[in-house]
Each structure stands twice: as structure tokens, then as C-alpha cells.
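The values are calculated or read from the model by the stated rules, or taken from the named source; none is laboratory data. Fair warning: this is a prediction, and the values are worked out from it, not measured in the lab. Because the Cβ atoms are built from the backbone with ideal geometry, glycine has one as well, and the counts that use them run over all protein chains shown. Heavy atoms of the whole protein, side chains included, go into the accessibility calculation; ligands, DNA and RNA do not. Shrake-Rupley method; radii C 1.70, N 1.55, O 1.52, S 1.80 Å.
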Amino acid sequence: MPAWVNQGHEVVFLANGREWHAPNPEGFRLVHYAPHRRGGGASLHSYLRRFEQAILEGQAAYRAATELAASDWQPDCIINHVGFGNGLYLSDAFPQARRISLFEWFYRARDSDVDFLPPHRVSADHQLRLRTWNAQTLLELAACDRAVVPTEWQRRQFPVHLQDRLQVIHEGVDTTLLAGLRRAQLPRLPCLPSDPELEVLTYVSRCFEEYRGFPQAIEAIARLQQARPRLHVVLAGHDGTAYGHGRADGKGWAAWAREALPLDPARTHWLGSVQEKTYHQVLACSTVHLYLTVPFVLSWSLLEAMAAGCAIAASATPPVLELLEHERSALLVDFFDVGAQVQAVTTLLDKPNLRGRLAAAAQARAGAYSAEAGRLAWDALLQA
């Protein structure tokens with residue numbers, strides 16, 4: 001958005017005031033809206049609770065948009081992120097505006113995320129719920145002039161007859177900044193000793209959860225620590241569930257790991273949720289970066305680790321395979337195979353030449369996902 005402002009565009013940003021926690025951005029106008037009530041009441045059918053919340057979100061955004069229209073402000077183009085409902089009625093507020101929508105996910109009961117983890121079988125009730133959840137996505141797809149998805153994997157989640165409507169444009173990461181982290185001589189993380197022979201394994205996830213392979217990753221970490229006395233592990237993230245389900249006992253996965261696994265507390269560094277400065281220190285100090293994910297939306301953290309020149313061991317799951325090749329730009333292993341994950345990390349730690357070659361190839365691959373490339377693709381879309 002700052003680039004569009006600098007190009008002379010007038011930009012108005014609609015945001016849910018209850019969810020907006022960032023400083024007001026410079027250069028463009030910020031308009032808050034708020035749904036007048038919470039959705040998802042107990043009397044409503046369970047399949048419709050998410051849809052009702054989306055309708056309330058869309059209604060509030062529509063009301064804010066009509067106030068803009070009443071003040072004689074009319075956009076040439078509307079861009080919105082699909083999934084929460086805020087774009088449902090924007091075409092009704094501004095019927096003459098061109099509509100571009102960013103689609104993140106289409107729910108599928110088979111061959112995707114929900115049937116990947118044990119017990120694999122998706123109940124009939126869950127399958128029907130997922131189909132209903134797609135209703136708001138299909139409503140917005142019908143209303144938009146152009147549709148965008150970040151990756152080819154995400155495009156393939158949509159029904160085949162709809163995929164041609166979707167253009168792949170990843171929003172990108174700051175590859176220039178990230179590529180310079182190792183040369184920037186950032187301060188060492190305070191938790192790490194100054195041992196020149198230190199090995200550092202990094203793992204980053206917003207939440208420590210099954211969707212990002214935390215149970216397998218932390219077991220692999222415990223085994224690696226027992227075999228490598230100089231290995232320190234830096235974990236950025238916190239106990240919680242952003243996607244999928246938590247543990248049946250209500251305990252967080254990190255809490256479980258501390259109790260159940262032989263982790264060395266002196267060499268296991270739990271950073272919690274971190275700010276950008278600390279996050280960059282994590283990437284800069286990484287000897288090997290471990291990334292696991294079910295077949296779902298790819299984490300920005302993988303692209304950022306690639307751009308930062310980290311040597312990567314990752315799961316051979318579809319969103320990862322779109323970016324990385326085994327033994328060419330990373331070592332890719334089975335998501336569930338802890339032994340294979342241990343071996344991949346061990347190989348990278350033991351072979352610095354291989355580590356350097358794979359890291360360089362991954363960094364080069366990340367260039368296609370730069371924020372600048374994303375901006376240029378969006379510029380072309382706006383001008384089309």
C-alpha cells in the first residue's frame with residue numbers, strides 16, 4: 001500500500017476496529033468498522049455459525065463503505081481478503097468499482113489438511129460443515145472481477161472448473177533485507193553461548209501445534225540433543241492452536257514436551273512470540289532450520305528462512321514441494337518420520353559444504369517470492 005500511495009493513488013483501508021492493533025499507517029486513510037453483535041448463537045445450526053459471523057462482518061464493512069459513498073468518495077478498484085466476510089457486500093456499496101479478491105483457502109474433506117493427520121477419516125458431519133463453510137468463498141468468487149491466490153497449491157484446492165479464474169500472486173517477503181541478515185553482524189541472542197563450535201537448530205511457528213508438525217519436531221530435537229552435546233535449539237512461537245485442534249487433554253504441546261521428553265533446559269531456548277528484531281536474530285544465527293507443515297497454507301517463515309540463507313530440513317508435503325527440491329535446495333523428509341527428520345538435520349550439521357549449497361539454492365529460489373515481485377504483479381493486475 002505505501003508503494004501505491006507513492007504512485008499517487010488515493011487509498012482507503014477498511015479495518016475491523018476490534019481486530020486492528022497496529023499503529024495507524026501513514027499515507028492512506030484508515031476507516032474502522034465494528035459488527036453490531038457477535039454471531040454464532042447456540043440456537044443457530046452449527047454449520048452456519050461461521051457464516052453468520054461472516055455476514056455480520058460484511059454488513060459492518062458495508063455500512064462503513066456506504067458512509068464513504070455518501071461523502072462522494074468512489075473507488076475505482078476494491079481489493080479485499082476473502083475468508084472473514086468483510087468483502088461480501090462491498091460490490092453493493094460500490095457497484096461501479098472493479099473488484100479484485102485475494103482467496104486464501106478452499107476447504108476440502110479429502111486429500112488436503114483435514115484428512116492428513118490421524119485418524120485421517122473425516123466424519124460425515126465434518127465433511128458437511130466444511131462444504132457449508134465454502135459458501136461465503138463462493139459468493140465472493142461470483143462477485144469479483146479478478147481472483148488471486150498466493151500459491152499454486154492453494155489454487156489447486158478449488159474445484160477444477162473454477163481454477164482458471166484464479167491467478168497466482170504471492171504477496172512476497174523482503175528478500176533484500178533478509179538476504180543481508182548474516183552479513184549484518186546482528187547481536188547474538190542472549191540465550192546462546194559464545195562457543196565457536198556451537199550448532200544452532202531453529203524452529204519457528206506462530207503456535208506450537210500439530211498443523212506445523214510440532215510434536216514430531218520436538219521429538220526429533222530431543223533425540224538430536226542427546227546425540228550432539230553442542231547443539232542448541234531456538235524455538236520461536238507459543239503454545240496455542242491457530243489451526244486444527246489442540247490436545248485432547250487441553251495441555252499445550254510445549255508444556256507436554258517439557259514434561260515428556262528429555263530436553264536439555266540449558267540448550268532448549270523457548271523465546272515465545274517475538275518481535276521482528278529478535279526474529280531476524282533467530283534466522284541469522286541458524287545453522288539448520290526445521291520446518292514441517294501439513295498440506296495447508298504455507299508459512300511465511302519458510303520463505304523468510306530461505307531468503308535469509310538458512311539450510312533447511314522440511315516436510316515433503318505439497319506446499320513445500322512447490323518451493324523446494326530434495327537435495328537441490330533442501331533436505332525433504334516424511335512429515336511423520338521423526339527418524340528421517342533427525343537424519344536430515346544431522347546430515348546438514350555434519351556437511352557444511354552441502355549445507356552451504358542447499359542454502360544458496362533456497363535463497364535463490366526465494367527471489368521469485370520477493371515483496372517487489374509481488375508488488376509488480378499486483379501493479380500489473382490493477383492496470384490490466
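When the residues of the range 37-54 are filtered to those that are within 18 Å of G83 (Cα to Cα) and out of contact with any Gly (no Cβ under 6 Å at 6 or more places or on another chain), the one that is surrounded by the fewest Cβ atoms within 10 Å (Cβ to Cβ) is R38. Considered as a group, the residues in the range 6-35 that are touching an Asp or Glu at 6+ places or on another chain (Cβ under 9 Å) and among the aromatic types (F, W, Y) include one that is nearest to R63 (Cα to Cα), and that residue is Y33.
Entry remark, the range 194-210: residues being out of contact with any Gly (no Cβ under 8 Å at 6 or more places or on another chain) and open to solvent by 50 Å² or more (accessible area, probe 1.4 Å) number 3 in total.
Pairing each residue of the range 184-203 that is under 15 Å from A236 (Cα atoms) with any residue that is assigned to a loop (DSSP other than H, G, I, E, B) and open to solvent by less than 10 Å² (accessible area, probe 1.4 Å), provided the two are 6+ apart or on different chains, yields C-beta distances under 7 Å for V200/S286; T202/S286.
Taking into account only those residues within the range 120-149 that are under 23 Å from the mean Cα position of the chain (by Cα) and within 19 Å of C77 (Cβ to Cβ), which is most open to solvent (accessible area, probe 1.4 Å)? Step by step, filter the range 120-149, then rank; the result is R146.
Taking the residues in the range 309-337 that are open to solvent by less than 20 Å² (accessible area, probe 1.4 Å) and part of a helix (DSSP H, G or I) as candidates, determine which candidate is nearest to A220 (Cα to Cα). Filtering the range 309-337 for residues that are open to solvent by less than 20 Å² (accessible area, probe 1.4 Å) and part of a helix (DSSP H, G or I), the one nearest to A220 (Cα to Cα) comes out as V320.
Of the residues contained in the range 342-351, one or more are found to be farther than 23 Å from I218 by Cβ and in a loop (DSSP other than H, G, I, E, B). Confirm whether L261 is modelled with pLDDT of 95 or more and farther than 27 Å from V320 by Cα. Here the answer is yes, as L261 does meet what is asked. Listed by position, the strands (runs of 3 or more DSSP E) inside the range 101-217 whose residues that are in contact with a strand residue (DSSP E or B) (Cβ under 7 Å, 6 or more places away or on another chain) and charged (D, E, K, R) number at least 2 are 199-208. Residues that are surrounded by fewer than 19 Cβ atoms within 10 Å (Cβ to Cβ) and under 20 Å from V345 (Cβ atoms): does the range 231-253 have at least one? No, that holds for no residue.
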